[in-house]
Each structure stands twice: as structure tokens, then as C-alpha cells.
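See structure below.
The values are calculated or read from the model by the stated rules, or taken from the named source; none is laboratory data. Please read these numbers as outputs of a predicted model, since none were measured by experiment. Virtual Cβ from ideal backbone geometry, glycine too; neighbours counted across all protein chains shown. These accessible areas exclude ligands, DNA and RNA; they are computed on the full protein's heavy atoms, side chains included. Shrake-Rupley method; radii C 1.70, N 1.55, O 1.52, S 1.80 Å.
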Amino acid sequence: MDVTFRIRRLNPEIPGKDKPYWQEFKLSDVEPTDRVLEMLHRIKWEQDGTLAFRRSCAHGVCGSDAMRINGVNRLACKVLVKDLGTKIQVEPILGLPVLKDLIVDMEPFFAHYRQVMPFFVNDTPLPEDGRERLQSPQDRERFDDTTKCILCACCTTACPSFWANGSYVGPAAIVQAHRFIFDSRDQAAADRLDILAEPDGVWRCRTIFNCTPACPREIEITKAIGEVKLAIMRGSPEGIIQVQDIQHEA
Amino acid sequence: MQTHQFDAIIVGAGGAGLMAALYASKGGANVAVVSKLYPTRSHTGTAQGGIGAALGNHEPDNPLWHAYDTVKGGDYLADQNAAKVLAENAIDAVIELEHMGLPFDRTPEGRISQRRFGGHTSNFGEKPVRRACHAADRTGHMILQTLYQQCIKNEVKFFDEYHVVDVLMNNGACVGVVAVQLGTGELHVFHGKATLFATGGWGKIWQVTSNAHSLTGDGAAITFRRGVPLQDMEFFQFHPTGIYKMGILITEGVRGEGGVLLNRHGERFMEKYAPRIKDLASRDVVSRAIYLEIRDGNGIQGKDYVYLDVRPETVNRYLAEAGETRRVTGEEIEKKLPDILDFCRVYLGVDPVKEPMPIQPTAHYAMGGIPTNVDAEVVIDENWTVLPGMYAAGECACVSCHGANRLGTNSLVDLVVFGRRGGMKIAEYVKHADLIPLPANPTAEIEAEFKRIRSSKGKSKPGELRGIMQKVMMDYVGVFREGAGIQQAIDTVQELRERYQTDLSLDDQGYKFNTDLIETWELGCLLDLAQVTAKSALARTESRGAHSREDFKERDDQNWLVHTLAFSKLAGPYQPGALHLDLNTNKKVDLSLAETDPRFAPKERVY
Ligand SMILES: Cc1cc2nc3c(=O)[nH]c(=O)nc-3n(C[C@H](O)[C@H](O)[C@H](O)COP(=O)(O)OP(=O)(O)OC[C@H]3O[C@@H](n4cnc5c(N)ncnc54)[C@H](O)[C@@H]3O)c2cc1C
Ligand code: FES
């Protein structure tokens, strides 16, 4: 089948193309099961080598190719033509500076990630037998969902609160924090909860829910953010709500 | 041009690079990690099934059995000292990953959960053993995330989206690298006492592959062009179960959980080829079996694929037949293989809990690469002479612990074990080594090459050249090979190299994120490695592991218990003309375990 791509472009080095503009490309012999990423490659390899985008794994696990496809944040390698129709519009994700065509500046995104102490902390002595720390399957299950995050930025750049205020840490950073806060082996939950209780932390989330359907890994992001909010109110991941805390947060 | 100075430069931020960076910096070295991708995009993150270690969390296990399986899996080409280090260090390395917070799945007792995997057995081949430590089917993702997190915690310095394009040598030592900053197109020189390459594999040489677009073998190609040999390049693993036509990997863990391979008659054909461990035989064995079934017209609908069936009713039928008491449910399969089910549902519209998956072998893993010793130091001849300042680890390196065929789960072990050893060695080395000055005009040659590519005005689109290479390599230097076919691949790739040198056509003349230019440069690496692979394959007149010659069907231990070392005979890295090689076969396989234990002596490989 024939498909028309409408792509949002920008090339900072070429006068006249250094402001965003749309360009159309027509492709024939497209299979319904083709991935958008393959189509972008065909455009690049057959028609216009200057088209710039990031990609690597091509099957939805490395997080390189988040784009706004027909108005929705998707990984180009994980969405098939048959689910989009014959007119496909591709733009860079929103809320991060565009550097060239579909490539945005990821630095602000990773800076927010680094803000939440996205690493395991446990300074207690290691087990004496030299083996692993024990964790029950139930405790492991508690944070399973948020271990799936691939830092693609689909969620954060779908969030109106982030668009409105780029200093908000954003859903992806909260997901990363959640992965450690609810890990029974980790000991820095209190520090992370303090960071997320600051003005640019979780409370900028207005529960708009854009993030959850945007996630290509099907993480229940809004739920995770809710759990973090609750933990802040309780003072710890599994603690009991203190009345004065609620008053304080309100 | 900017110049940066560090004690140690780590090229690549996959599992091997990050582990090396962590250990070098923990040891006191001032480290820079230079990576063309953001670290979390590295291909380590796609590894699915597990990381092998004889923890014995479910049943008795022993590192010596692991070493035996590795040696046997490698069809006796593995250096036995390296296989021993791999198996012994694996235990400690996996435990350490857990201490770093890696969320492994757990047994009811709270220990790391383990599953079966191809070629891993207890008691020297007796029966399959649960050795693969896993986190669902995203073990690599968890390893990559955990190591990156630890690097952030330890404030390792990253240069993300810096693409290394040349290695700098002076006075017979490695003194750093040249990189292009992708966002600006500017060249940067990284000057250091030690440089470790951890740039991953080169599966993009082939048409059907499990490998990422970024796996173009850059590190192996640039060191080769500067005089470092490439070892055992004829050994490239085809994983038996890639999604039909797409190549996306379906982990061996599916068979570990009880999945079976079926031909068009519904026969579990692996019973014929590996009566004892059947679908869990080594990958080379299973891939060949699939090709043979297809050749005999037993592919599904007579086509070039077979089925991988993990439907609970199928699995349970064969479990019952085998007299096992274990049974599986659809729910358990969802839980243990969530990503695999997702891939099949998204890309094939097939639900593996209800339907079998169409699969075919897919180009997967480079056993060969930059030769190193067990401390990740690069060695440049049959006498194990160390090249000062140069290190390599992970898939781009050849230790060789995998020999002629890597066992599943052993690459992730390789990354953490040899990445760690490399990092420790570097920390020690930079303490006493002097900083050797940079060569004169360190960027002159690569600048000239980039200028040539950028301004080329010929007719050959890089994508077209890549496509031809991928097809010819798939057809003639794949699962089965034969002299005349390999020669044809060599000739075709040579023609492509000439067009690459004289007739390129590029659209993007810019500097910022010029991915047209970078992809073309990567294609140059692929063409060189394809040529080395094919020529090494032509020279090895025997069949061993992943290298299966139809004109030399037998393994030949008399003449071929040796590694192949391929040296470039070109005067400079970009000298035009044919790629002439010097193929050296004087490096003997290390058989040190066999010296004291006859069970490790080369013998016929049956599963
Ligand atoms: C789909 C799949 C599943 C797998 N499953 C398993 C499994 O279950 N168990 C197992 O043991 N093994 C598995 N493997 C194999 C294993 O994952 C890889 O061999 C391993 O991850 C390679 O790691 P690495 O650190 O060597 O390189 P990679 O993770 O590939 O990283 C390469 C790094 O080098 C950088 N780089 C490359 N070129 C340059 C350059 N020119 N300049 C700067 N940086 C550069 C990249 O940015 C990247 O950071 C699997 C492989 C695949 C493809
Ligand atoms: S290319 Fe890796 S997620 Fe799409």
C-alpha cells in the first residue's frame, strides 16, 4: 500500500530550514506490518539522507526513538503502519529543545533522572555467607512494574505539567525513584521522598493521566506516582498516615 | 579540536564498559566513558534470558561443570584457562550484581531464581541444570540499568553521544582515541594511559539479525586498521530462534521453560539431532537442525521457518512424556516471559500462549574479536604479547572463553567478569604507567577520511551497499558455508569496498547530528569486518561450532585446535584497494584443564 509521511523537520545549519517546517514523503510497497522506524529508514536511505532521528534496538527496549506519531507519543519501532493508516504524521516529542529533525536535547530529561538518587543504597554489612541478600518473591513483586522503565521519555514529554514547567522532575524520574523506594532492600527511601516532596517533585503531578497510556512498557505510571505521594504523606513507603503530615502537605 | 586527558578511557557503555568503568574508578583512576549511544540504549539492555552462574539455588551445581559446558559448547576451541576464570568468577560477579541492587527474580526462600538454558548441564553433561539467573526475560535490561545507576552513584564521567572513530598509537602503545561529538560534528581527542574497548558486536553484517542498528563493530574495525589482529572471526553465532523475517530474538529461556521446536508435521525434530537434551542443545546444533529440516521440506508450509511452541498444553504434554511432575500454566508463562509475549503480539499478531511462534535462525553473537588475555589486556600475537595501554572486554573482545560457539547466558557473564578484571587491571596499570605523548597530528587521517565521505559525489547510496553485503553474507557465510560460496561473498564484499572508496553518494554535508555521515562511516567498519570474517572462514578447512563447512564436514583437531589471527596488510587505515590479510594460525588453544582432567580433552560433541 501507499503511505504518506508528514514529518516535522528542522536543520539548524541550513538557512531557511532552521525553523520548524513540515515535509511530506510518499512511500509505496508498504506492508501493514511494517514498523514506522523501518519507514523512516526507507525515507532516509532511499529519498533523503539528511533526515535525522535516533534509533538502536528496533524492537522497543532501548528507548532511543520516542516520537510524537499521529499526535501520540510512541516508539517508532514499536508502532506498526496498520495501526496508523495511510497518513502518518511524525514530530519530535514535546517539551525538550529540538536539535535537528526528530532529535531533541535529552540532557534536561537525564538531569531530572539523576536528581532522584536513581541508585541502590544499602550500607549495612553484606550477608556473612558471602551470598545474596534475601528478598521474598512478594517483596520483589512490590516494585516490579517500575523496573521496566527504559528512560525513553514518552511519559515525561506527554505531561502537560512538564510542558508548563520544565523544572518539574516529571513522571519518568518518579518512576525511577519508585523502583527504589519500594525495594525492601534499599535504605534511602526517606531521602528520595524528601527530594520528591519539594516544589518540583511529585506535587506538580495533577493526575492528568497522559503518562500512563504513553508508556510503551505499559507501566502503570499514575499509580506509581500515587503510591509515592501516599508514601510522602505517610512519611515512609509502608508507614501509617500521621495527621500532622497531611496538614503539613496540604 | 578539543583534547581531554584522563587516566583511563572506556569506549562503550554496555555491560562490559560500565563494569570496567566502575572498577577502574573504584580503584582510583580518573575515568571517562565515551559512548556513541546514551548508556541505557546499549544493546546489553536487550539481553533476555539470564546470566549463568553455578549458584546451586535449586539443585546442586559446580563451577567446574559450568566450565565443562562452556568448553564443550565451544567445540573445544575455548581457551580452558579462560573458561575456568569465567565459570569461577561468575558466582561472585552475580552475587555482586545483587548487592548493587539488581532485582533478580526470587525463589520461595528469597534466593536468586535460576532457569535452564541451552548447553548448561550438571555433572559433565548428564542432564540440564538450572544455572541461568534471571529477572523475567529482561535480565540484560536490569544489568545495564543497575550498572549505569552505580556509575551515577560513583560519579563516573560520561561523554554521551561521542562516536569514537580512530585509536591513537605512539611508541608501540595505545594513547587514546579520536571521537566525533555527534551534536556538533566536532572532533575530540581523548588522551590517556589506558583505553578499553567495549563496543559490542557486529551482527549488522547479516540480513536477519537480533542485533541493534548500532552494532557495527566499530571498536574491532578501528583497532584492526591500526595493526591489532582480529581473532577467530569465522565464528559468528546464529541463534536458532529469531522471529521469522525480523530476526528479533526469542530467548532460549522459552525452551528453558519447556517450549519445543516443531516442524510442519508437528514433529519435535530435536529428538533426532540431540536425543539427550533435545531442544536445549547448543545453539549451533539447533540452528543447523532447523536449516536441515527446512532443506528437507519440513519447514512450515514448506517455507524457511519452523515453529517454537510454548503453549501450556504442548509443554505439559512433553513434560508428562519425560516423566516430569512439573506442569505450567498460561499465567506462569505470562509472568516469566512477558517481553517475548509482547514482541510476538505487537510484531506478529501472534499470541504465544495460544499459538506457536514462527521462527528462523538469526545472526546473533560474535565469538571472535580483539584478542585479550584474562585481564582484558589486548594481546597481539601467538605469544600473548601485550599491547601496552590497550584493553578490550565484552562482545568485541575474544578472550577466548566461548571458543567456536558461545553458550546462552555466558555473554552476560563475560561482560561482568572480564569487564571487572579489566577495570581492576587498569586501575593498577595507571598508577605506575607514564602518560605517553600523543602522536603528531592525531586527527589528520580521520579528518581526511571524513572529508572524503562528506564531499563524495558518486552514485552508490550507503544503504544500497549495506543491503547487498547483508544478503551475500547471509547466503554464503551463514549457518552453513562452502568454499565457492564464501569466495563469492569475498568477491562481492571487495566490489562493495571499492564502491565505498570511490563512488559514495551522500545527502548530508552538515556537521550537527549528521547521521548520514556516521552511518556511512559505520558501513565502512562492517565491510572490513565482513571481509575478515569471510576470509577467515575460507581459510578454516574444517567444521567446528558455529563454523560449519559443507566441503569439510569434520572437526579436525589435528590441524585446527588453533585460533585464527587476521592482520591487515594495508599500510594505513584508509589505504584504498583490496583488503589484504595475513592469516596466522600459530596460536594454540589452551588445554590446561585437560592436562589434569581427561574429561576436558577434546572429544566428539554429542548432546
Ligand atoms: C536480543 C539479544 C538477547 C541476548 N540475550 C542474552 C542472554 O540472555 N544472556 C547472555 O549472556 N547474553 C545475551 N545476549 C548477548 C549479550 O547481550 C551481548 O553480547 C552483550 O550485551 C554485549 O555487551 P557489550 O558490553 O560488549 O556491548 P553492548 O551492550 O552492545 O554495548 C556497546 C557499547 O559500545 C558503544 N559503542 C559502540 N561503538 C562505539 C563507538 N564507535 N564509539 C563510542 N561508543 C561506541 C555503544 O554506545 C554501547 O554503549 C543477547 C544479545 C541479544 C542481541
Ligand atoms: S529503537 Fe530501541 S526502542 Fe525503538
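In whole Hz, with x marking every Gly and Pro, tabulate ³J(HN,Hα) for region A:198-211 from phi via Karplus 6.51 cos²θ - 1.76 cosθ + 1.60, θ = phi - 60°.
With coefficients 6.51, -1.76 and 1.60, one gets 5, x, 8, x, 4, 6, 6, 6, 9, 6, 7, 6, 4, 5 Hz.
Using a 1.4 Å probe, what is the accessible area per residue for region A:107-234, in Å²?
Numbers: 5010 Å² over 128 residues.
Computed with neighbouring chains in place, this is 39 Å² per residue.
What accessible area per residue, rounded to a whole number of Å², is obtained for chain B using a probe radius of 1.4 Å? Mind dumping the intermediate values first?
Values: 18800 Å² over 607 residues.
On a per-residue basis, chain B sits at 31 Å².
What residues have an amide H closer than 5 Å to that of B:Ser548, excluding those fewer than 5 places away on the same chain, when H is modeled at 1.01 Å from N in the peptide plane?
Hits under the 5 Å cutoff: B:Arg481.
Considering only A:Cys62, A:Cys215, A:Cys155, give the residue with the highest GNM mean-square fluctuation for chain A, with springs between Cα atoms whenever their separation is below 10 Å.
Among A:Cys62, A:Cys215, A:Cys155, the largest mean-square fluctuation in the Gaussian network model of chain A belongs to A:Cys62.
If eta is 0.692 mPa s and T is 37 °C, what Stokes-Einstein diffusion coefficient results for region B:33-169, Kirkwood Rh from Cα pairs, in µm²/s?
Details: Rh = 16.4 Å.
Taking Rh from Cα pairs, D becomes 200 µm²/s.
Arrange the peptides B:22-30, A:28-36, B:422-430 so that the one whose residues have, on average, the most other Cβ atoms within 10 Å appears first. Numbers along the way, then the final one.
Numbers: B:22-30: 20.6, A:28-36: 15.4, B:422-430: 24.2.
The peptides rank, most packed first, as B:422-430, B:22-30, A:28-36.
When all C-alpha to C-alpha distances in region A:3-104 are sorted into bins of 10 Å, what percent of pairs does each bin hold, rounded to whole numbers?
16, 52, 29, 3
Could you give the size of the charge dipole of the protein assembly as shown about its Cα centre, using +1 on the Cβ of each K and R and -1 on the Cβ of each D and E, expressed in debye and rounded to the nearest 20?
The calculation lands at about 1060 debye.
So what is the calculated 222 nm ellipticity per residue for the protein assembly as shown, using -39500 (n - 2.57) for each DSSP H run with n of 4 or more, over all residues, to the nearest 500 deg cm²/dmol?
Working: 27 runs with 284 residues, N = 857.
It comes out at -10000 deg cm²/dmol, rounded to the nearest 500.
Where the centroid of each part is defined by its Cα atoms, how far is region B:54-89 from region A:77-127 in Å?
Using only Cα atoms, the two centres lie 39 Å from each other.
How big a patch of accessible area, both sides summed and in Å² to the nearest 100, lies buried between A and B at a 1.4 Å probe?
Approximately 5400 Å², summed over both chains.
Counting Lys and Arg as +1 and Asp and Glu as -1, each charge on the Cβ, what is the dipole of region A:1-158 about the Cα centre in debye, to the nearest 20?
Values: 23 positive and 24 negative charges, 106 e Å.
Here region A:1-158 has a charge dipole of around 500 debye.
Return the sequence-ordered ³J(HN,Hα) values of region B:79-84 in whole Hz as given by the Karplus equation 6.51 cos²θ - 1.76 cosθ + 1.60 applied to θ = phi - 60°, using x for Gly and Pro.
So the Karplus estimates, Gly and Pro as x, are 6, 5, 4, 5, 5, 5 Hz.
Helix B:63-73 versus the longest principal axis of chain B: what angle, 0 to 90°, nearest 10, using Cα atoms?
With both axes taken from Cα atoms, the answer is about 80 degrees.
In whole Hz, what ³J(HN,Hα) sequence does region B:575-587 give by Karplus (6.51, -1.76, 1.60; θ = phi - 60°), x for Gly and Pro?
5, x, x, 5, 8, 7, 10, 10, 9, 9, 10, 9, 8
Which residues of region B:342-382 end up with at least 20 Å² less accessible area in the presence of all protein chains than when their chain stands alone, using a 1.4 Å probe?
Listed in order, they are B:Asp342, B:Phe343, B:Val346, B:Tyr347.
To test your reading of the geometry: what angle, between 0 and 90 degrees and rounded to tens, separates the Cα axis of helix B:483-502 from the longest principal axis of chain B?
30 degrees
Using a 1.4 Å probe on protein heavy atoms, which residues of region A:29-70 have at least 40 Å² less accessible area in the complex than alone?
Listed by number, the residues meeting the 40 Å² cut-off are A:Arg35, A:Lys44, A:Trp45, A:Gly49, A:Thr50, A:Arg54, A:Arg55, A:Ser56, A:His59, A:Val61, A:Cys62.
Accessible area of chain A with a 1.4 Å probe: how many percent of it is carbon plus sulfur? Can you show the working numbers first?
Numbers: 5370 of 10380 Å².
For chain A, the apolar C and S fraction of the accessible surface comes to 52 percent.
Send over a whole-number figure in Å² for the accessible area per residue of region A:3-104, probe 1.4 Å.
Values: 3800 Å² over 102 residues.
So region A:3-104 comes to 37 Å² accessible per residue, rounded to a whole number.
Which residues of region B:479-508 bury at least 10 Å² of accessible area once all protein chains are present, versus their chain alone (1.4 Å probe)?
Buried by the other chains: B:Asp507, B:Asp508.
A:Leu37: net charge of surrounding residues, Cβ under 11 Å, Lys/Arg +1, Asp/Glu -1, itself excluded?
Details: positive: A:Arg35, A:Arg42, A:Lys44, A:Arg54, A:Arg55, A:Arg74, A:Lys78; negative: A:Asp34, A:Glu38, A:Asp65.
Taking every Cβ under 11 Å from that of A:Leu37, the sum is +4.
Just need the Rg to Rh number for chain B, please, alpha carbons only, Kirkwood Rh. Numbers along the way, then the final one.
Values: Rg = 22.9 Å, Rh = 24.1 Å.
Value, to two decimals: 0.95.
Once both labels are modelled 7 Å past Cα along the beta-carbon direction, what's the B:Ala440-B:Glu186 spacing in nm?
2.7 nm
Per 5 Å bin from zero, what fraction in whole % of the C-alpha pairs of region A:107-234 is there, up to the bin with the longest pair?
2, 11, 22, 24, 19, 11, 6, 4, 2, 1, 0
For the cross-link pairs B:Lys72/B:Lys588; B:Lys153/B:Lys431; B:Lys204/B:Lys603; A:Lys19/A:Lys82; B:Lys204/B:Lys535; B:Lys157/B:Lys336, which exceed 25 Å when the distance is taken from alpha carbon to alpha carbon?
Numbers: B:Lys72/B:Lys588 17 Å; B:Lys153/B:Lys431 23 Å; B:Lys204/B:Lys603 34 Å; A:Lys19/A:Lys82 31 Å; B:Lys204/B:Lys535 18 Å; B:Lys157/B:Lys336 36 Å.
In this structure, B:Lys204/B:Lys603; A:Lys19/A:Lys82; B:Lys157/B:Lys336 exceed 25 Å between Cα atoms.
When a/c reaches 1.5 or more, the comparison of a/b and b/c decides; with that in mind, is the protein assembly as shown rounded, prolate or oblate per its Cα gyration tensor?
Verdict is rounded for the protein assembly as shown.
Just checking the output field for A:132-144: average partner chain Cβ neighbours within 10 Å of each residue's Cβ?
Details: counts 15, 6, 7, 8, 5, 7, 2, 2, 7, 3, 0, 1, 6.
The per-residue average across the peptide is 5.
Roughly to the nearest percent, how much of the accessible area of region B:1-142 is carbon and sulfur, given a 1.4 Å probe?
Details: 1450 of 3220 Å².
The computed percentage sits at 45.
Taking every pair of Cα atoms in chain A, average 1/r, invert it to obtain the Kirkwood radius, and report Rg/Rh to two decimals.
Details: Rg = 21.0 Å, Rh = 19.9 Å.
Using Cα coordinates only, the ratio equals 1.05.
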